[in-house]
Structures are given as structure tokens and as C-alpha cells.
1. Can you flag which of Lys338/Lys390; Lys248/Lys525; Lys248/Lys345; Lys423/Lys525; Lys338/Lys423; Lys346/Lys420 are past 20 Å Cα-Cα?
2. Would you calculate the volume per residue, in Å³, of the smallest convex hull containing every Cα atom of region 133-217?
3. Can you pull the one-decimal nm distance between simple spin-label points at Asp37 and His101, each 7 Å off the Cα toward Cβ?
4. Report the calculated FRET efficiency for Ala115 and Arg21 (r = Cβ-Cβ distance, R0 = 45 Å), to the nearest 0.05.
5. I need the Kirkwood Rh of region 509-564: take the reciprocal of the average 1/r across all distinct C-alpha pairs and report it in angstrom.
6. Taking each pair of distinct Cα atoms in region 543-665 once, what is the resulting Kirkwood hydrodynamic radius in Å?
7. Which value, in debye to the nearest 20, describes the size of the charge dipole of region 140-222 about its Cα centre when Lys and Arg Cβ atoms bear +1, Asp and Glu Cβ atoms bear -1, and nothing else is charged?
8. For the chain, what is the percent of antiparallel DSSP beta bridges, rounded to the nearest 5?
Amino acid sequence: MIRKPASVVIEAVEPLVDGGRHPLKCTEGESLSIEADIFKDGHDLLTAVLKWRRVGEVAWHETPMAPLVNDRWRGTLVLFGNGFHEFTIEAWGDAFRSWQHEFRTKFEAGVSPLASETLEGAALLRAAARRATGADRARLEELAATLETAEPATVDAMAHWSEVEALLAAWPDRTLSTEVHPYPQIFVDRPYARFAAWYEFFPRSAEGLADRGSTFRDCLPRVEDARAMGFDVIYFPPIHPIGFANRKGRNNSVTSQPGEPGVPYAIGNRHQGCPNGGGHKDVAPELGTLEDFDWLLAQIRERGMELALDFAINCSPDHPYVAEHPEWFFKRPDGTIKYAENPPKKYEDVYPLNFQNADWRALWEELASVVLFWADRGVSHFRVDNPHTKPVAFWEYLIGKVRAKHPGVVFLSEAFTRPKMMKVLAKVGFSQSYTYFTWRNTKAELEEYFTELTQTPVRHYFRGNLWPNTPDILPVFLQQGGRPAFQIRAVLAATLSSVYGIYSGFELCEAAALPGREEYLDSEKYQLKARDWDAPGNIKPFLTRLNQIRRENRALHEYANLRFHPVENENLLFYSKMTPGRENVLLIVVNLDPWHRQDGFVHVPVAELGWLPEETYQVHDLFTDERYLWHGERNYVSLDPARLPVHLFRVRRKMAREEGFDYYA
């Protein structure tokens, strides 16, 4: 039988990423609202439902959509189950609701007789009975028989019985429905993709000794320290064998001295007799064995933490790929292999791979097998080095292949590059992305950039993982601003986004840089790093409290709930984060000037909170435990960076007054 053409129109579905070309992103338990324009010819009332299911399943979950204004409808779903899901909207002209509305209109207008209209209603109930099963079928038949002989007043009343409405909603006539197709997809990540605190350290410098490298077995105290500070993802730079050919020395010297450890990003050494060939599926012998690595990973997981590994697609001249697959590399006219360059930087110790060589399929498959090798061992996060220098199609392939076996793996894109490239990498599957936060310091810069990331359609596919420092980048702000600068950037990173990280040494306020450069002096990329992990002046207690505040306040677990508010001082940044039901409301004021006290009046969004204009409420500073009573919208703040450059207030409304005291909660 040829299906009659549907008459309902569904268009302007939002959100979609590039019209549905790429999946939306959310995490398990996170709500997602879908809107669309839905309308049809004539005056029939419409019913629309939002439907969703895991890709590969047959049955749909569904929830009603509600009309907004001007034929705009909205529905909200909550997804559980890590992996790919799909959704659609189905809408139809609702014959029962249209009859229900028509009958009441005529009845209230005194139209008589209504015998034909009564029979129409009974026929609708009988048609629903034919679609129904079991007790519902019998009850609908019974109601239809009662309805067709009833007086108009009884018919009108019965038409609005909750039982009748529920039965007709349960057994609707969808034969002329319209459905959105093809089905847009949503990738549902584990909560770690949206809320986490990363801590990066080099395993070889775990003990902070300049004359001897550490091993995997020596890393546990560093893991324990990170855990005590409240971090939940440990992140290692590459842990693979390091080549000797063209090995770099201290401060990126083109020649190394005997005993210098080399750069971990110059991966591969087939000469060291490693059990897996000395490449990306091996560990550096000086760190231990694969069994030692497995032991450390188990220790990290026993402490409720997860491990991130750096996936750097670099090969030293000693990498086994160079001997086994020379066709995978770029060649000079004289036939020699080209080393990597990013003018003016040169990487003489690294050979980049050619992703479009004649044997590209074998290369792509091999690199995917590297990630699967570590994921099979229990590594759950991968920070990908410079993904913007490889084809986008390669990442779509690799991430898809890994997620087919390990859907819970989190991929972090380390792409400090053009905005559109950063965004398309997020679209093709990266769970999180590095951002320009590292270079956004002023109020105007921060408000503009984070409004784009969290309050525009970008939020549906791009999650910013904020890093105030990395082994490659020591920003000028940290070089010059002293201890307050580190506190300022930590608070901003930890609260502007729901996922952030620091590179070790940040907690010690390390700020020694190469002259005129945003690079560390004596960087541990090139040498073992001597450190006193409890050196005076460290901000470890501050970071511990910051991460504790994050854990205890659900508003800081959300990514897209950031809102900026006016403050009468350009050196102060004022913003809020709150849960949808406003049971957890945080007001955050940060002094962006690490040298001077700054004062000003903040404008609290009392109207948005649904409060009376002059209502009194308590703001509780979660860092200092100080409490203040504020009134209405405009309130005064003063922040001295020498004391603390931030107020992180939890708002508490007055709930009761007992024995002369006000109680706030």
C-alpha cells in the first residue's frame, strides 16, 4: 500500500552540527533540549514527540514536545549509555485533540444539536481501540459506547477526563506523521569528558632529582600528591623509547652531552632491544618495563584516578618505522628523510609521517593499533599532540575505530592553531580541546572568548580543556605576576570551564623563562628536573581547596552554564555558574590584576534568579569561609591579590528566623 503523503512540516531543527553531518556531544545523565519549527495546513492541533535510542537498537524512547511561540516546539531528553545515540522528531495532526477542542468550542457557544460531533468522538475512541491491546482496548470500546449516547454536557466532560486523554495519547493515530530523517546522532561521553582535573608530570622527573631519572615504580608519591590536591586524571608525556640520533640537549641544544635523556617526543629506538620493537608500543627502558607500567596504572586506578597518555605521532631517526617503512616518510630530492620544521622552530630529532603516501592505508591502520594497544591495557584518556598537522579524515577514522571497541576513551586535541581547524577537530570526534585561554588575560578578551565557547552553538561540539601552563608554554602573565598570577589563572581555568589541567611546577609557581620567550628556562623536555615538591611559597593548599570546591558544587560540573555579569571595574571579572534548578548558585569575582587591589560594584542577576529586587541574601566565600549579607543587585567587592585575588561565593537565601537569628541555605 502506498502511504498517503504527510502534511506536517518539521524544519529548523536545533541544535545540529553542520546540519547533522557530525554528532552532537553530551555526557551521561546530561539533559539536551531539541527545538524545531513544526506546523501543518489547516487548523488541526498537533502532537509532537522527541524520540531517541542507541544506534543499533530498534525501540525508541520518547517524550512529548511542547509548543513555545510561532510554531516553535521544544523537547528535552536525558541520555544514558556511553556511545553513539540517534534522535528524531515525529509529529502528526492529532484528530482527537482537534475534535476535543472543536466540541468544547461549540458546546460553550451553545451550538445545538451536537449529535454528529458526538458520533465523531465515539468513532475516534473506537479507532483507538483497534490500535490498542489488552485492557486498554476493552476500556476504549466501553468509553466509546458510553460517549455515543451521552448528552452534550457529558460528552464534553468525558472528552477531558484524564483517563480518556491518557488512553488517546497512548494509542494515537500516527499514520500521517512526519519524522525527521536521516536521524541526527549524539555521542554520549562518560562524565570524565565534561568534568575532570588533569595533572601532568614527567615520570622521569617524578622524584625531583637532577642527577638521576625516576622510574614508573618511583611515581607513586607524585600520584599521591596529585590525588591529595584533588586531581583525578594523571597525564604523562610520551613514555616510549627515545632515539639517540640527533638527540637534543639542555635548553633545546642541537647536540646532547653524554647522559642527557633526550626529548620524549622524539619517539623510537630500535637499538635498545625493547620487547615490542622500540616504537610506540614500548616504554623507555629507563622508566621500567611494560609490567612496571601496568603496575603503576593499576595503582592510579585503585586510587579512583585515570591515566592519560600523550599520543605523539613523531618518529626519531631510530624509530623502527624508519627502517621497516621508509615509504611512510617525507623525502628530500636526494632521497634522504626530512626532519620536522615549524619555522622558525626546527626538530632535527623528529621525522614526521606522510599521511598521504602510497601506502597510507597501512600507516593509518598501524597508528590506530597503537592507540588500541594502550587502550586495551586500560589507558582511558589520550592527549593528542599537534592533531592539526595531520589530515582531519585520519582523526575521524582513528577515533571511530577506537570508540568501536572502547567508547569510553577521552580524546584531548592539543591544537593551538586556526579557529576553524580547532573546531573541525572537535566535530570529528575529539572529546575535549585546548583553547586560546592561555593568552586571554583581560576582561574583554575572557568575556568575548568564553561567551563564544559556552553560549553559542559551539558548545554542542567543542569542550574547552583549560591549561594555564604546559611544558611548551610559560605565559608572560605567569612570568611577571608572581604567586597571585598563578592563583588567578588556576581559578579562571577551574571555573570558566568544567575541565582543566596544570603542568607540574605550576603548584610551585615556577616562572623562570628563556629571555623574551614564552618557554621555560631549563625545561624538563630536555633534561631531568630538580624540584622540592613542598618548596616554600607553593600554592598546593590553594589548589586543594579549589578542587574540593569543584567537587562539592554541582554548578561547576556543568560546561555551558557560564554567564558573565557587569562589574564597575575593568580589572575585575564577574560571572556566575548555577544548576538548572538554582539549588546551587555560585558568584565568582576574580581580580585580573596580580599587583594591585581592585574595588568595584558587581551587579548580581537577581531578576534572573527570580528574587525580589531588594531581597537580602548571604554570600558565603568558599575559600575564606567569610559570609556577607548582600541586598538587591548592586554590591561592593574589594580584592587584594596579596591576600587572595578571588571571591568564590555560594549564594544562600534566608530560609527561616529562629531565636533572633536568620538561617540561610
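The values are calculated or read from the model by the stated rules, or taken from the named source; none is laboratory data. None of the values given here were measured: they were computed from a predicted structure. FYI the Cβ positions are ideal-geometry reconstructions off the backbone, even for glycines, and counts take in every protein chain you see. Each accessible area value is taken on the protein alone, full model and side chains, heavy atoms only, with ligands, DNA and RNA left out. Shrake-Rupley method; radii C 1.70, N 1.55, O 1.52, S 1.80 Å.
1. Lys423/Lys525; Lys338/Lys423; Lys346/Lys420
2. Measuring per residue, one finds 248 Å³ for the Cα hull of region 133-217.
3. Simple spin-label model gives 1.9 nm for this pair.
4. Details: r = 55 Å, r/R0 = 1.23.
The calculated FRET efficiency here is 0.25.
5. Working: mean 1/r = 0.0677 Å⁻¹.
Its Kirkwood hydrodynamic radius stands at 14.8 Å.
6. Roughly 15.1 Å, rounded to one decimal.
7. 1300
8. In the chain, DSSP labels about 75 percent of beta bridges as antiparallel.
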